[in-house]
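The values are calculated or read from the model by the stated rules, or taken from the named source; none is laboratory data. These numbers were taken from a predicted model, which means no experiment stands behind them. Here the Cβ positions follow ideal geometry from the backbone for every residue, glycine too, while neighbour counts run over all protein chains shown.
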Amino acid sequence: MITTSNLTAERIIEYMEKGKRFDGRGLDDFRDLTIETGISKKAEGSARVRLGKTEVIVGVKMDVGAPYPDSQDKGNLMVTAEFLPLSSPRFEAGPPQFDSIELARVIDRGIRESKFIELEKLCIKEGEKVWTVFIDIYTINDDGNLLDAAGIGAIAALKSAKIPKYDEENEKTLFGEWTKESVPLQKDVPISLTVHKIGNNLIIDPTREEEDISETRITIASHDGTIHSMQKGNAKELSVEEFKKILDIIEKSEKEIFKRIEKSLK
Amino acid sequence: MTKDFKRPDGRKVNELRKITAKVGVVPNADGSAMFAFGDTIAIAAVYGPKKMHPQHAQDPEKGTLRCNYNMLSFSVTERIRPGPSRRSTEISKITEWALKPVVMIDDFAGQVVDVHINILQANASTRCAGINAAAMALAHAGIPMKSLVTSVSIGKLDKQLVTDLIKEEEDWEEGEGPTDIPITLTGDGKISHIQLDGKIGRKQLEEAVELAKEAGKQIHEAQEKALKAMGEKNE
């Protein structure tokens, strides 16, 4: 298995004890973030997110189908993620591995629980026909923090998406033809952010070699201090004090990242 | 408001459902246990430490903990398709992470401890019941552990925090709706697992962790009592 060597790990932690990182960032600094939307002509909405050397692309596709039994009057949301073998020597082709399943589920819950997509407006005929919004996430280059990059990509792709035309008479989605209507979204954008624990340090936006030695992480989707979803990943336990510190970091970073996303999307 | 708040099953806001805990429910296993919150019933069986297969999955430096969470097809109202799903894959891993901080299997290089969890009947909080059963089964199997773990779902219904959610509460429709926060704590009060779905502010989230601690005491008591009863039977 490819992983960060013990020697590098020791140096990374030594640096962090002094509040420093190999690439010159502070512990709670995000890398440079660029967001491009409309990267696919075929998708309803799409985005490319670069976070330092990490790159993901996200596409939104829509189709009309039956609602889920427990939400007859609401559209459906489906999030999937594929860790493409081209994006890292450690990803292999084949059935989805745990990491990509977890990433998709964490992003799904951030969007779903915050009610960011107004799914009730995506109902065509109650109990029969609703829009399904598919958010598909692909990794292009993995240099750590795919989770947060994917979350930002999903938001950007959704914001750029237009609903396809639908032929009511023949009950057919007219793929490749779009209405002027955007996907109905709420004003409050849920920002999904992950804090990692490395040694005794809490950091955000790890590079690959940092993430390799992360002992545990917490991902939180929140807007303006209201928390909508949370997932603790990896086995190391956290004291309640550490947990509170993580909430501090999220609270502080969420607003800044939100501003940077807004700026990039303009 | 706490006093007036009515839960569908009449419990107090910080009241757990009736806990049933039993050790030794699967004779073939090296350790096994049942844990129930009311009518949410989980059983867990431990096999190992044993040689890890396939060989490429072996860790030459330390032992591996491997958990598998599975719901029976008829454990819920609408039949679920048997076999693994994305949800069960995630919960299996979450369970593993929740238990790992207390399980001391570093000395079992190349070996695996398998924990199989099955949900026989579900009325919410299934992952928590599963984790509680698994901790007992591991102890019953004699796997070295720092402590047990205790797992409980804390909920927020509209604005009210409650302990140990049932399905009816998970689907709460009034006010701010439901928030579900499953939390697992180690014996020394550290968080080995936390998840959240819903809508909550920071202050109440911190209160939720405190409620989990409070509930953890009762869960721990039930776990220990069942383990002791088993020990006495064997004497």
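Mind checking which residues of segment B:32-65 are closer than 28 Å to B:Ile166 by Cα, part of a strand (DSSP E or B) and not hydrophobic (A, V, I, L, M, F, W, C)?
B:Ser32, B:Thr40
State the number of residues belonging to segment B:69-107 that are of a type in the set (Phe, Trp, Tyr) and without any contact (Cβ under 8 Å) to a residue 60 or more places away in the chain.
Summing the residues that are of a type in the set (Phe, Trp, Tyr) and without any contact (Cβ under 8 Å) to a residue 60 or more places away in the chain in segment B:69-107 gives 1.
So in segment B:127-163, with the set limited to residues that are assigned to a loop (DSSP other than H, G, I, E, B), touching a residue at least 24 places away in the same chain (Cβ under 8 Å) and not β-branched (Val, Ile, Thr), which one is surrounded by the most Cβ atoms within 10 Å (Cβ to Cβ)?
B:Leu148
Name every residue in segment A:222-266 that is of a type in the set (A, V, I, L, M) and more than 12 Å from B:Gly201 (Cα to Cα), in order of residue number.
A:Met230, A:Ala235, A:Leu238, A:Val240, A:Ile246, A:Ile249, A:Ile250, A:Ile257, A:Ile261, A:Leu265
A:Ile246 passes all but one of (1) in contact (Cβ under 8 Å) with a residue 24 or more places away in the chain; (2) part of a loop (DSSP other than H, G, I, E, B); (3) of a type in the set (A, V, I, L, M); which number fails?
So A:Ile246 meets the others, but not (2).
For segment A:192-215, which positions are of a type in the set (Ser, Thr, Tyr) and more than 22 Å from A:Lys18 (Cβ to Cβ)?
Across segment A:192-215, the qualifying residues are A:Ser192, A:Thr194.
Between a residue in segment B:204-224 that is over 11 Å from B:Thr163 (Cα atoms) and without any contact (Cβ under 8 Å) to a residue 60 or more places away in the chain and any residue that is of a type in the set (D, E, K, R) and part of a helix (DSSP H, G or I), which pairs come within a Cβ distance under 9 Å, given they are 6 or more apart or on different chains?
Listed pairs, sorted by first residue: B:Glu206/A:Lys244.
The conditions are (1) surrounded by 20 or more Cβ atoms within 10 Å (Cβ to Cβ); (2) more than 14 Å from chain A (Cβ to nearest Cβ); (3) in a helix (DSSP H, G or I), and B:Ala212 fails exactly one of them. Which is it?
(2)
How many residues does segment A:202-225 hold that are within 17 Å of the chain's Cα centre (by Cα), within 13 Å of chain B (Cβ to nearest Cβ) and over 26 Å from B:Ile131 (Cβ atoms)?
Looking only at that region, the number is 1.
Any residue in segment A:202-221 that is surrounded by fewer than 24 Cβ atoms within 10 Å (Cβ to Cβ), modelled with pLDDT of 95 or more, small (Gly, Ala, Ser) and in contact with a strand residue (DSSP E or B) (Cβ under 9 Å, 6 or more places away or on another chain)?
Checked segment A:202-221: at least one residue is surrounded by fewer than 24 Cβ atoms within 10 Å (Cβ to Cβ), modelled with pLDDT of 95 or more, small (Gly, Ala, Ser) and in contact with a strand residue (DSSP E or B) (Cβ under 9 Å, 6 or more places away or on another chain).
In segment A:4-16, is there at least one residue being under 25 Å from A:Ile101 (Cα atoms), touching an Asp or Glu at 6+ places or on another chain (Cβ under 9 Å) and touching a residue at least 12 places away in the same chain (Cβ under 8 Å)?
yes
Which residue is surrounded by the most Cβ atoms within 10 Å (Cβ to Cβ), if the candidates are limited to segment A:76-111 and must be of a type in the set (Ser, Thr, Tyr) and within 14 Å of chain B (Cβ to nearest Cβ)?
Ranking the candidates gives A:Ser100 first.
Examine segment A:50-62 for a residue that is of a type in the set (D, E, K, R) and farther than 27 Å from A:Pro206 by Cα, and state whether such a residue exists.
Scanning segment A:50-62, I find at least one residue that is of a type in the set (D, E, K, R) and farther than 27 Å from A:Pro206 by Cα, so the answer is yes.
So, in segment B:182-209, exactly how many residues are part of a strand (DSSP E or B) and more than 8 Å from every other protein chain (Cβ to nearest Cβ)?
The qualifying residues number 4.
Just to be sure before I move on: is A:Ile163 at negative phi, crowded, with 16+ Cβ neighbours inside 10 Å and within 18 Å of the chain's Cα centre (by Cα) in the structure I sent?
Criteria not met by A:Ile163.
From the list B:Asn123, B:Asn118, exactly one residue is crowded, with 18+ Cβ neighbours inside 10 Å, out of contact with any Leu (no Cβ under 8 Å at 6 or more places or on another chain) and more than 21 Å from A:Gln97 (Cα to Cα). Which is it?
So the residue among B:Asn123, B:Asn118 that is crowded, with 18+ Cβ neighbours inside 10 Å, out of contact with any Leu (no Cβ under 8 Å at 6 or more places or on another chain) and more than 21 Å from A:Gln97 (Cα to Cα) is B:Asn123.
If I go through segment A:63-75 residue by residue, how many of them are more than 28 Å from A:Gly176 (Cβ to Cβ) and loosely packed, with under 13 Cβ neighbours inside 10 Å?
2
Which is within 13 Å of chain A (Cβ to nearest Cβ) and either out of contact with any strand residue (DSSP E or B) (no Cβ under 6 Å at 6 or more places or on another chain) or closer than 22 Å to B:Ala212 by Cβ (or both), of B:Arg81, B:Arg127, B:Arg66?
B:Arg127
Please go through segment A:10-26 and pick out each residue that is over 20 Å from A:Leu146 (Cβ atoms) and aliphatic (A, V, I, L, M).
A:Ile13, A:Met16
Say whether the condition of being touching a helix residue (DSSP H, G or I) at 6+ places or on another chain (Cβ under 7 Å), surrounded by fewer than 23 Cβ atoms within 10 Å (Cβ to Cβ) and within 14 Å of another protein chain (Cβ to nearest Cβ) is met by at least one residue in segment A:115-130.
The answer is no, given that none of the residues of segment A:115-130 is touching a helix residue (DSSP H, G or I) at 6+ places or on another chain (Cβ under 7 Å), surrounded by fewer than 23 Cβ atoms within 10 Å (Cβ to Cβ) and within 14 Å of another protein chain (Cβ to nearest Cβ).
Right, A:His228: more than 13 Å from A:Asp148 (Cα to Cα), touching a residue at least 40 places away in the same chain (Cβ under 8 Å) and at the interface with chain B (Cβ under 7 Å from one of its Cβ atoms) or not?
When the stated conditions are applied, A:His228 passes them.
Just checking, how many residues over segment A:234-250 are touching a strand residue (DSSP E or B) at 6+ places or on another chain (Cβ under 8 Å), of a type outside the set (A, V, I, L, M) and more than 7 Å from chain B (Cβ to nearest Cβ)?
2
May I ask you to verify whether B:Glu169 is buried (at least 18 other Cβ atoms within 10 Å of the Cβ) and either among the small types (Gly, Ala, Ser) or more than 14 Å from chain A (Cβ to nearest Cβ) (or both)?
The answer is yes for B:Glu169.
Okay, residues lined up against (1) charged (D, E, K, R); (2) under 22 Å from the mean Cα position of the chain (by Cα); (3) closer than 30 Å to B:Glu232 by Cβ:
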| site | (1), (2), (3) |
| --- | --- |
| B:Asp4 | yes, no, no |
| B:Asp9 | yes, yes, no |
| B:Lys22 | yes, yes, yes |
| B:Met34 | no, yes, yes |
